[in-house]
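Presented below is the structure to which this report refers.
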Ligand code: AMP
């Protein structure tokens, strides 16, 4: 199916062509017609599948069919996303499409001065892309009127729940008209998502663009078994030996991200960290440096990395396995986006074994183990070590069995009298005098 067959208007067809898209991705083929028909949707779409365009294109198309108010424009579409980076990213896609049909889109998120946002809102906008907290702030202060919103999109809804945004989302929804079209996108379906869908959606069409909890097909997943204290050394060695020019590395904590960044820089590898304690302007600059190649390694925590789209990113590394196992799928989805291939490498120590088991259960397959000379692990969970130990055990058991048989054979046979025979004294050679 082509974009034209999806029923998009000429300006938007031009937009996708100039973005270099030739055919719609599966999520776009399935969702765009359903959205254009006016249904609510509950879409299971992984990150990197083209889901932004899947809701942005039909939304802009529908809004462009109804002329904006001349006097004071008020937002008619609201897109809620979990992080500032994702807001900026989705916002720029929306702005590109909107501009072509004389609509206005703006981005609202926390961590920056609110006054510039108020001024932009006062000038009038059609589409607002926002993180829930700051949006609620505007709605409560009365600097944003949500009473004319006809379309609500919840992007990466599972992540918003993980980040504790449920109350903010429900509070925002209370400002919206009941009569609206709501689109919910989520990579995974924890119970909270089902409850949220019941609360906010009206007879939704359920669309499964890919089986839930599945990694993208183009991502080759491997893991190294390594002792915890040698992870950094292994990572530096891999980066240098395999000449990785652009790699995103995930750590569990902000402290861990900063520490690893310092260590990599000390190893002569240009690295920068991105996490929620960094200022927004620094995060934006770091991301741009990474995109342009002046930073080789982007060390990130889950919160900061969610939804980031770095085109053509060849590999990601799980320096620590994520505590929330679903995040494994999101993390590795940073690579192998939109049909490209990528590699996802996990450095796993014995202390993370339970998490690995959970991740492999979620994926429904084992992640193949690779090794590097000099980093052969002393891990009880390494399949090769398990096999080697089993072999040793079998060998020992065989040897023991042999010895038993030998010793039974070498025991003197019972004498005819029936008395147990004493072993015959071995004849000693007479000592030479
Ligand atoms: P998303 O899942 O929206 O973050 O998109 C992931 C990546 O796929 C982005 O780099 C998009 O620019 C790209 N993309 C989206 N739709 C298409 C398409 N139809 N063909 C090729 N690339 C696409």
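No value in this document is a laboratory result; all are computed from the given coordinates. Predicted, not measured: the structure shown is a model, and the values here were computed from it. For neighbour counting, all protein chains shown are included, and Cβ atoms are generated from backbone atoms with ideal geometry for every residue, glycine included.
At a glance:
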quantity	calculated
As computed over segment 29-179, the Cα convex hull volume per residue (Å³)	110 Å³
Relative contact order (percent, whole number), the chain, Cα cutoff 8 Å, 6+ residue spacing	16 percent
Tilt relative to the chain, helix 84-100 - C-alpha long axis, 0 to 90 degrees, to 10	40 degrees
Efficiency of FRET from Cβ geometry, residue 395 and residue 366, R₀ 25 Å, rounded to 0.05	0.40
Residue-averaged 222 nm ellipticity for the chain, from DSSP H runs of 4+ at -39500 (n - 2.57), nearest 500	-13000 deg cm²/dmol
Binned Cα-Cα distances of the chain, short to long, each 10 Å bin given as a whole percent	4, 19, 26, 20, 11, 6, 3, 3, 3, 2, 2, 0, 0
Crossing angle, helix 383-410 versus the chain [Cα axis fit, 0-90 degrees, rounded to tens]	20 degrees
Helix axis angle, 114-123 relative to the chain longest principal axis, alpha carbon, degrees	40 degrees
Sequence-separation-based contact order of segment 115-248, relative, with Cα cut under 8 Å and 6+ spacing, percent	20 percent
GNM result for the chain, Cα springs below 10 Å: residue of 279, 18, 346 fluctuating most strongly	18
Highest-first arrangement of 34-44, 139-149, where packing means the average Cβ count within 10 Å	34-44, 139-149
Choice from 200, 63, 372 showing the highest fluctuation, given a GNM over the chain with Cα pairs closer than 10 Å	372
Label-to-label distance, nm, for residues given as residue 402 and residue 259 (7 Å Cα→Cβ offset)	4.9 nm
Alpha carbon Rg of segment 219-378, scaled by the compact-globule rule 2.2 N^0.38 Å	0.96
Modelled FRET efficiency - R0 56 Å, residue 237 with residue 206, Cβ distances, 0.05 increments	0.75
